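Student: Structure provided below as structure tokens; questions to follow.
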Amino acid sequence: MYSKNLALVISLVIFASFETYAGTAIQTDWSGGDGVWGPVIDWSDEFYVDTDIECYNDPSNVSLRNINIEHIVDGDFNEARSVCSADIDGDGDMDVLAAAGEADDITWWENVDGSGTSWIEHTVDGEFDGAYSVYSADINGDGDMDVLGAARFANDITWWENVDGTGTSWTEHVVDGFFDWAWSVYSADINGDGYMDVLGAAWLADDITWWENVDGSGNSWIEHTVDGDFNAAISVYSADVNGDGDMDVLGAANFANDITWWENVDGTGTSWTEHAVEGAFNEAISVFSADINGDGYMDILGAAENASDNIVWWENVDGSGTSWIAHCVSWQFNSAKAVYSADVDGDGYMDVLGAGISHGVVWWENDDGSGTSWTWHTLLEPGSPYSVYSSDIDGDGCLDILGAFEASDDVFWWDITTFLPEGALESSVLDVQESPDWQTIDWTCTEPSGTSVALQVRASNNSSSMGAWSDTLTSPCTLTGILTDEDSLFQYRAILTTTDSLYSPELHDVTVDWVPFTSTQEEAAGEVTKFALFGAQPNPTFGHATLVFSMPVDSKVELIVYDLAGRIVHSVSGEYEMGVHEVILDDLTSGIYVVRMTSDEFTEAQHFVVIN
């Protein structure tokens, strides 16, 4: 009679097709890190060792590590303060522009062959006193990229006309020569007339201003004040914050500790409504706008030199720009100088870039696209960077990062999407806690063209001597003939390769299967010639008991299981066909048991041990 409290599962088929209790181990997460040799009974999220592998940013994937390749554009640009990028000479390559405060220079470097490794310097203006900000736009609408600048000591907002589109001849046009301590310059079509206008922030004047490009030639300008009392206005930007189709204006005020946007009420740029985003952002220094969480609304980013949270983005809750939720990107980016946003890793999410005196140039990866989880990536340690920007400098289809360093007089760019050609990860040693008959190794992965994921495996009964790795397995397969049955310790090595530095394969999971090994297996392959009770396989058994017996003829069999007190804990009786059979008993408590088999004139008993 069956016990009411214990489940009894019986599988009664000949050995060639019987169903055994299978074991499975799977690893889907490696974010716990390396250093765990084992043996372990569960891989969990840890592993033993890796080489050139990335598995922390996305715990459900193993990929090749990408490296930041640093390229210097100019190492002697005296007090580099601002950097941006545009195709100045119209050859299809992205060039680099920068402003040098001490050298009074506005300069662009020609990307000679489009690879970003060879540069020719071209001076736009070498006497722009206190050059602090640079930007590029087609101001006169002739199809060529022109250059704009803000000069702190000259109090100038100026644009230089790219005369023939090659960037070798420039004509200066002053937009405003009395903009007191001009600190920041930008360009956008503020009044929607199709012409590029100019915006500026003046630190001493406390002004956020835009100048109307009257006829689109860039020769006639009308000044429009957005805010004339924005204390120590230091940064200006433009975006359609409320989604009404008009370009609005954003600003950062250093003394007022403000991040603010002004609504372009009727789209003409003549009427503005002020909306405070954050009024206690201590020493606000930079402002930017992008859709950080992918909800279709333009959010606002800010950098502050001395705030408790130095890099912050504010969520535009309903898209109207009237309700904001602050999200900290980094609270330890001390002495921040600039903030920017771009999808630099190409995953479809907007990332955040920052320049700061204490930590250099950094980008924060928007882990899941929500803007609530960020991974810090340092490109270059401190060197007083004041500006950061993103552009595809080498033309590989991936965004790169640029930085301007005041103290070291450097202008750099970094290629951040170069994957190493090969990497490997070795799992912890897994103890399956029984004598296994190894079945299959399986894994799932993503393999872009030119990439591959392969595995090696090994098994042993001695964790200090796991033996040689198997041949490389290029696809999931059976482990028969690869691993020795009854070796209860298992380990895998994942090998990732790429022949294209722009792409990496991704390993998503690894699964190994086994069934309990029984000494009847070889005999069962042939004809069964005798009654036999093989007892529990393996013995000791873990968590369940697999009782194995053989029958040379069809016959009635009775199996009775006793505990050490002589009590019957299981009793099975029935007619069985010739062959080898299994009876699987679940939910046995730890202890020593006796199983007795009776069939015709055959009787035999064996002890077995259960360990939970």
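The values are calculated or read from the model by the stated rules, or taken from the named source; none is laboratory data. No experiment lies behind these values; they were computed from the predicted model shown. Methodologically, a virtual Cβ is constructed for each residue, glycine included, from the backbone with ideal geometry; neighbour enumeration extends over all protein chains shown. The area values use the complete protein model at the heavy-atom level, side chains included, leaving out ligands, DNA and RNA. Shrake-Rupley method; radii C 1.70, N 1.55, O 1.52, S 1.80 Å.
Student: Summarise the accessible area of the range 278-338 (1.4 Å probe, protein heavy atoms) by the percent that is carbon and sulfur.
Tutor: Working: 940 of 2160 Å².
For the range 278-338, the apolar C and S fraction of the accessible surface comes to 43 percent.
Student: What shape does the range 503-612 have by the C-alpha gyration tensor, where a ≥ b ≥ c are the square roots of the eigenvalues, rounded means a/c under 1.5, and otherwise prolate means a/b greater than b/c and oblate the rest?
Tutor: Details: a/c = 2.95, a/b = 1.51, b/c = 1.96.
Oblate is the answer for the range 503-612, as a/c is 1.5 or above yet b/c matches or exceeds a/b.
Student: Output needed for the range 324-428: three equivalent-ellipsoid semi-axes, defined as square roots of 5 times the C-alpha gyration tensor eigenvalues, in descending order, whole Å.
Tutor: Result for the range 324-428: semi-axes of 22, 19, 15 Å.
Student: Toward the positive end of the charge dipole of the range 331-378, about the Cα centre and with charges on Cβ (Lys, Arg +1; Asp, Glu -1), which of V362, S335, W374 goes farthest?
Tutor: S335
Student: Still on this structure: Simple spin-label model, 7 Å along Cα-to-Cβ: E381 to D347 in nm?
Tutor: 2.7
Student: Could you please put E577, E406, E604 in sequence from largest to smallest accessible area, using a 1.4 Å probe? All intermediate terms of the calculation are to be shown ahead of the outcome.
Tutor: Values: E577 120, E406 40, E604 65 Å².
Ranking E577, E406, E604 by accessible area, largest first, yields E577, E604, E406.
Student: Need one number: convex hull volume per residue for the chain, Cα atoms only, in Å³. Numbers along the way, then the final one.
Tutor: Working: hull volume 116.5 nm³, N = 612.
Taking only Cα atoms, the chain has a hull volume of 190 Å³ per residue.
Student: Let me ask you something else. So how far, in whole Å, is the C-alpha centre of the range 51-93 from the one of the range 119-193?
Tutor: So the separation of the two Cα centres works out to 26 Å.
Student: Still on this structure, please answer the following. For the chain, which span is the longest to avoid every loop-located (per DSSP) member of trypsin sites (Lys or Arg not before Pro) having at most 11 other Cβ atoms inside 10 Å?
Tutor: Longest run free of exposed loop sites: 5-529.
Student: Could you please report the charge total around M466, scoring K, R as +1 and D, E as -1 over all other residues with beta-carbon less than 14 angstrom from its beta-carbon?
Tutor: In short, -1.
Student: For T225, T440, write out the residues from largest to smallest accessible area, computed with a 1.4 angstrom probe and no ligands counted.
Tutor: Most to least solvent-accessible, the answer reads T225, T440.
Student: Which shape class, rounded, prolate or oblate, goes with the range 262-323 when its Cα gyration tensor gives a ≥ b ≥ c as root eigenvalues, a/c under 1.5 marks rounded, and past that a/b bigger than b/c marks prolate?
Tutor: Because a/c hits 1.5 or more and a/b fails to exceed b/c, the range 262-323 counts as oblate.
Student: Tell me, in nm to one decimal, what length is gained between A326 and S220 on full extension, where the rule is 0.36 nm per residue of separation less the Cα-Cα distance?
Tutor: That pair, A326 and S220, stretches by 34.1 nm at full extension.
Student: On alpha carbon coordinates alone, what is the Rg over Rh value for the range 112-152, Rh being the Kirkwood radius?
Tutor: For the range 112-152, the value is 1.05.
Student: Next question, about the same structure. How much of Y562 can a 1.4 Å solvent probe reach, expressed as accessible area in Å² and rounded to 10?
Tutor: Per-residue accessible area (Y562): approximately 50 Å².
Student: Another question, if that's okay. Give the residue list of GluC sites (Glu not before Pro) in the range 420-494 that are DSSP loop and have at most 13 other beta-carbon atoms within 10 angstrom.
Tutor: Values: sites: E422, E426, E434, E486; in loops: E434, E486.
Within the range 420-494, no GluC sites (Glu not before Pro) qualify (loop, at most 13 other Cβ atoms within 10 Å).
Student: Enter the per residue convex hull volume of the range 48-157, computed from alpha-carbon coordinates, in Å³ rounded to the nearest integer.
Tutor: With only Cα atoms used, the range 48-157 gives 168 Å³ per residue.
Student: Next question. Between L502 and E274, 0.36 nm times their residue separation minus their Cα-Cα distance comes to what?
Tutor: Length difference between fully extended and current span is 77.6 nm.
Student: Report the local net charge at T478: Lys and Arg +1, Asp and Glu -1, summed over other residues whose C-beta lies under 12 Å from its C-beta.
Tutor: That works out to -3.
Student: For Y48, Y503, give me the order by solvent-accessible area with a 1.4 Å probe, most accessible first, ignoring ligands, DNA and RNA.
Tutor: Final ranking, largest accessible area leading: Y503, Y48.
Student: In nm², what is the average projected area of the convex hull enclosing the Cα atoms of the range 369-417?
Tutor: 4.3
Student: May I pose another question? Between D318 and F153, what is 0.36 nm times their sequence separation minus the Cα-Cα distance? Round to one decimal in nm.
Tutor: Working: separation 165, 0.36 × 165 = 59.40 nm, distance 4.14 nm.
So the chain would gain 55.3 nm between D318 and F153.
Student: A follow-up question, please. As a test of the definition: which semi-axes, in Å, follow for the range 48-109 when you take the square root of five times each eigenvalue of its alpha carbon gyration tensor? Largest first, please.
Tutor: 38, 16, 10
Student: Here's something else I'd like to know. What number comes out for accessible area per residue over the chain if the probe is 1.4 Å? Units Å², please.
Tutor: Heavy-atom SASA per residue in the chain reads 39 Å².
Student: Measuring from the lowest to the highest alpha carbon on each principal axis, how far does the range 155-279 reach, largest first, in angstroms?
Tutor: For the range 155-279, the Cα extents along the three principal axes come out at 45, 31, 22 Å.
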